[in-house]
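A quick write-up on the structure given underneath.
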Ligand SMILES: C[S@@+](CC[C@H](N)C(=O)[O-])C[C@H]1O[C@@H](n2cnc3c(N)ncnc32)[C@H](O)[C@@H]1O
């Protein structure tokens, strides 16, 4: 269905439609994430700053940065309750303007499905997370039509109206989120369902909130005839019976995923250095399995090749390698690689390997 894209240029409408739901999920997600205090956080697709604000209240962070591609959302976040305690900027999740390994926790709330190149975004989230850091996200369960707009969308479908597809609907399932995180090379992946139940004062409150200008369903409803619109409203009312006092209450479901950004495996390959007079061994460290997607971001250098680390004064022997290790950080582990090589070399010197 062409012509019905989500844009998030109206932060006031976003707050009215989604603010209360987003605020209800964020603390449940953060408690499940159980992050350490004093962590450096990145909130990807921060919107009006709801996750950033909630984590400031609950997680005692050292620093919080929010990034979002919609300038009005960023402007709202910058003047909201997190102002002064978090910094917000406009930017694209697919080209994060941060150096490698610059955050302890990289989180994204209700965003990933909206990003067409979500694999690239995940690769970026992984890149900016430090080794051992957390990468986590949640999205509404659009596949089961259990987002806050679910009741309206279900009613529209029953009514026979066009129901614009939501981007990334299939990827909103827990299995799909797990697969996405796996593809990005993330490890120790866990998923969980978060359900939240909220109440609207009355049907008018619900209707006003759930028909924001940015939502494609609102555009479909606006294109209906007056009488069709009235019939649709009746249909929605039937599906959402009011409690005594007129209160409209229903639940929505988010699927959450969390993982660790462990380092990738490295191949350590000793190579004989014939240019020196003393027999020496150089060590080359190469990534074995590059991330599923290596983003070519204009704002950073391409991943650097591992340096050759000279290991002097080692006898040249037949190559007992390659072997694998998973260093927390390559330069920091280079001495360890040298130690391991020395150990193997000395074992070989004292005890020849039988073929
Ligand atoms: C449903 S809102 C979620 C906002 C907020 N995280 C929350 O929990 O309320 C989705 C947000 O993702 C942002 N977004 C979509 N694609 C993006 C991208 N490629 N990079 C950064 N932000 C993006 C939108 O501008 C929007 O603010």
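Any read-out appearing in this document is the output of simple, stated calculations on the displayed coordinates, not a laboratory observation. Fair warning: this is a prediction, and the values are worked out from it, not measured in the lab. Every residue, glycine among them, receives a Cβ derived from its backbone with ideal geometry; neighbour counts consider all protein chains shown.
Evaluating residue 13 against the criteria (1) away from the ligand (no atom under 11 Å from the Cβ); (2) within 20 Å of the chain's Cα centre (by Cα); (3) within 20 Å of residue 88 (Cβ to Cβ) leaves one unmet condition, (2).
Residues satisfying the criterion are absent from region 152-169 (criterion: in contact with a strand residue (DSSP E or B) (Cβ under 6 Å, 6 or more places away or on another chain) and surrounded by 15 or more Cβ atoms within 10 Å (Cβ to Cβ)). Condition test on residue 86, is it in contact (Cβ under 8 Å) with a residue 60 or more places away in the chain and in contact with a helix residue (DSSP H, G or I) (Cβ under 8 Å, 6 or more places away or on another chain)? No. Within region 132-151, being surrounded by fewer than 17 Cβ atoms within 10 Å (Cβ to Cβ) and under 24 Å from residue 40 (Cα atoms) holds for one residue alone: 132.
Highlighted here are the helices (runs of 4 or more DSSP H) found entirely within region 163-267 that include at least 2 residues which are in contact (Cβ under 8 Å) with a residue 24 or more places away in the chain and over 33 Å from the mean Cα position of the chain (by Cα): 226-239. Taking every residue in region 39-51 that is on the phi < 0 side of the Ramachandran plot and pairing it with any residue that is part of a helix (DSSP H, G or I) and within 6 Å of the ligand (Cβ to nearest atom), at least 6 positions away or on another chain, the pairs with Cβ-Cβ distances below 6 Å are 43/51; 44/93; 48/73; 50/22. Residues being under 20 Å from residue 126 (Cβ atoms) and either buried (at least 21 other Cβ atoms within 10 Å of the Cβ) or within 12 Å of the ligand (Cβ to nearest atom) (or both): count how many of those fall in region 31-51. Total satisfying the criteria: 8.
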